[in-house]
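The values are calculated or read from the model by the stated rules, or taken from the named source; none is laboratory data. Keep in mind that this is a model prediction, so the values were computed, not measured. In this analysis, Cβ positions are derived from the backbone assuming ideal geometry, glycine residues included, and neighbour counts consider all displayed protein chains.
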Amino acid sequence: MEATIDKEVLSKTADVEDLYDLDSWAQKTAHWGENPTAFLERYFTIHYHVDTHVYIRQPPNKLCILGLSAEHAVVKSSNAISCKFFHESKTKGQKVKPDTIIAEITVGDQVYPIRATVFGEILEVNPRVSEDANLIRTHALDEGYLVIIRPRSEDTAVQLKGLVDHDTYHITKNQS
């Protein structure tokens with residue numbers, strides 16, 4: 001009987017309006033045009049390393065998207081910026097530890113080593129940052145991410161040990 005029901009359900013076509021309340025979704029997403037990162041805020045969690053001002057954005061699949069927070073000296077600076085990824089063509093698949101330096105960002109005469117922050121494997125180096133390092137500064141929380149890391153552990157608490165959530169980060173940085 002289940003096979004009959006499945007065939008019956010599959011044979012019917014429904015309009016999108018019959019499946020979803022489009023007015024409800026239109027209201028929920030109306031502000032996305034004003035704030036392009038609203039989509040990220042809805043579907044991705046963000047965690048920060050307080051001392052290094054590095055963030056990790058995590059989608060539901062638990063990958064780690066690593067970038068620099070607005071509080072990082074690189075993002076705050078207005079000097080010329082360049083980014084060097086280590087072994088860029090070979091980094092994909094490279095195993096990393098929290099203290100592994102994955103990139104060096106130079107701003108003026110200052111060099112900032114950027115560490116992986118988590119155990120895992122680099123899946124992608126952001127090619128846009130390689131072409132235009134200024135994205136790190138102008139779009140730090142979205143297009144200016146540095147790398148995507150597949151974490152070694154599926155458990156978020158293990159993956160992000162030592163990092164804090166958005167609210168805690170902002171409370172901590174305001175106390176400094």
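Within the option set 152, 137, being in contact with a Lys or Arg (Cβ under 9 Å, 6 or more places away or on another chain), farther than 20 Å from residue 69 by Cα and surrounded by fewer than 21 Cβ atoms within 10 Å (Cβ to Cβ) holds for one residue only, 152.
Given the structure, is residue 158 within 19 Å of residue 59 (Cβ to Cβ), free of Cβ contacts under 8 Å to residues at least 60 places away in the same chain, touching a Phe, Trp or Tyr at 6+ places or on another chain (Cβ under 9 Å) and surrounded by 15 or more Cβ atoms within 10 Å (Cβ to Cβ)? It is false that residue 158 is within 19 Å of residue 59 (Cβ to Cβ), free of Cβ contacts under 8 Å to residues at least 60 places away in the same chain, touching a Phe, Trp or Tyr at 6+ places or on another chain (Cβ under 9 Å) and surrounded by 15 or more Cβ atoms within 10 Å (Cβ to Cβ).
All conditions but one from (1) over 27 Å from residue 175 (Cα atoms); (2) in contact with a Phe, Trp or Tyr (Cβ under 6 Å, 6 or more places away or on another chain); (3) modelled with pLDDT of 95 or more apply to residue 59; the one that does not is (3). Among the residues of the range 113-132, which ones are crowded, with 20+ Cβ neighbours inside 10 Å and not polar (S, T, N, Q)? Scanning the range 113-132 gives 114, 116, 118, 120, 122, 125, 129. Report yes if residue 106 is on the phi > 0 side of the Ramachandran plot and either surrounded by 18 or more Cβ atoms within 10 Å (Cβ to Cβ) or in a strand (DSSP E or B) (or both), otherwise no. Against the criterion (on the phi > 0 side of the Ramachandran plot and either surrounded by 18 or more Cβ atoms within 10 Å (Cβ to Cβ) or in a strand (DSSP E or B) (or both)), residue 106 does not qualify.
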